[in-house]
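A short worksheet on the structure shown next.
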Amino acid sequence: MSATPLLEVRNLTKHFPIRTGLLQRVTGAVKAVDGVSFDVHAGETLALVGESGCGKTTTGRSILRLIEPTSGTVRFDGTDVLALRGETLRRMRRRMQIIFQDPYASLNPRRTVNEIVGLPLRLHNLATDEATIRKKVAAIAERVGLKSNQLDRYPHQFSGGQRQRIGIARALISSPEFVVCDEPVSALDVSIQAQIIELLLELKRELALTYLFISHDISVIGYLADRVAVMYLGEIVEMGQVEKVLA
């Protein structure tokens with residue numbers, strides 16, 4: 001690992017307002033994330049583990065600004081992510097991607113695999129003509145275990161494990177450096193979970209990826225993480241090497 005962290009998170013908070021009464025006045029707040037700080041080094045897998053509702057997913061989405069944080073700082077490769085706007089934020093999004101928990105809910109049912117996986121290429125102007133886009137989509141699809149003759153099918157025509165592979169392909173086609181894996185195997189059968197975990201490990205090695213792996217499954221964390229941070233009620237209560245923390 002490099003001496004300088006790839007990702008630096010300091011005092012990250014996300015409070016959701018509680019509104020009551022006819023006028024919907026703010027009477028309080030749910031402190032989903034409450035002062036979280038950690039670093040992730042290039043090439044590392046940091047696991048964020050905790051019970052449901054502790055703020056893991058909100059932390060991951062706040063880092064990527066899929067949810068706007070209430071306060072705190074997020075620096076990626078030395079750049080203040082929360083200060084970015086417009087085109088500079090768009091360019092940063094190419095480098096930071098997410099694999100969602102539910103592979104069906106995160107895929108547009110009206111689009112084919114070619115359209116879903118190829119969309120980041122169009123958004124980031126990485127390819128413009130359809131022939132090039134299809135070639136790139138076919139290459140990443142085959143790398144994650146799909147067949148090139150499946151590119152014109154729709155999400156409902158695939159199994160849960162295959163849909164998650166589509167989600168992984170969509171996240172990786174823009175060649176990101178950092179990927180938030182938001183419980184990517186929790187919605188899958190046990191036998192399929194092992195296949196997806198092995199795939200994520202292979203991709204990490206081959207593409208030099210850095211993961212923030214969100215999970216509540218201790219056995220999964222112990223298999224693929226380098227370090228683990230334990231969350232409880234919006235705060236990190238313990239952090240360290242995975243072997244020591246799990247022991």
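The values are calculated or read from the model by the stated rules, or taken from the named source; none is laboratory data. On a predicted model such as this, the values are computed, not experimentally measured, just so you know. FYI the Cβ positions are ideal-geometry reconstructions off the backbone, even for glycines, and counts take in every protein chain you see. Accessible surface areas use protein heavy atoms only, side chains included; no ligands, DNA or RNA. Shrake-Rupley method; radii C 1.70, N 1.55, O 1.52, S 1.80 Å.
Among residues belonging to the range 19-42 that are modelled with pLDDT under 90 and in a loop (DSSP other than H, G, I, E, B), point out the one that is nearest to the chain's Cα centre (by Cα).
The selected residue is GLN24.
Is it the case, given these coordinates, that GLU243 is open to solvent by 20 Å² or more (accessible area, probe 1.4 Å), free of Cβ contacts under 8 Å to residues at least 24 places away in the same chain, over 14 Å from GLU44 (Cα atoms) and outside any loop (DSSP other than H, G, I, E, B)?
Yes: the conditions hold for GLU243.
Among the residues that make up the range 30-47, is at least one of them in contact (Cβ under 8 Å) with a residue 60 or more places away in the chain, under 14 Å from GLU235 (Cα atoms) and either open to solvent by 50 Å² or more (accessible area, probe 1.4 Å) or out of contact with any Asp or Glu (no Cβ under 9 Å at 6 or more places or on another chain) (or both)?
For the range 30-47, residues in contact (Cβ under 8 Å) with a residue 60 or more places away in the chain, under 14 Å from GLU235 (Cα atoms) and either open to solvent by 50 Å² or more (accessible area, probe 1.4 Å) or out of contact with any Asp or Glu (no Cβ under 9 Å at 6 or more places or on another chain) (or both): present.
Restricting attention to the range 96-116, report how many residues are over 20 Å from ALA138 (Cβ atoms), surrounded by fewer than 16 Cβ atoms within 10 Å (Cβ to Cβ) and charged (D, E, K, R).
The qualifying residues number 1.
Which of the residues belonging to the range 29-62 are in contact with a Lys or Arg (Cβ under 7 Å, 6 or more places away or on another chain), of a type in the set (A, V, I, L, M, F, W, C) and more than 16 Å from VAL220 (Cα to Cα)?
ALA32, VAL33
Quick one: which of VAL179, VAL220 is part of a strand (DSSP E or B) and of a type in the set (A, V, I, L, M, F, W, C)?
VAL179
Can you pull out every residue in the range 199-217 that is within 10 Å of VAL49 (Cβ to Cβ) and part of a strand (DSSP E or B)?
Residues of the range 199-217 that are within 10 Å of VAL49 (Cβ to Cβ), as a first pass: 213-217.
Within the range 199-217, PHE213, ILE214, SER215 meet the criteria.
Could you list, in sequence order, the residues of the range 123-146 that are more than 22 Å from the chain's Cα centre (by Cα), in a loop (DSSP other than H, G, I, E, B) and either at pLDDT 90 or above or β-branched (Val, Ile, Thr) (or both)?
Across the range 123-146, the qualifying residue is only THR128.
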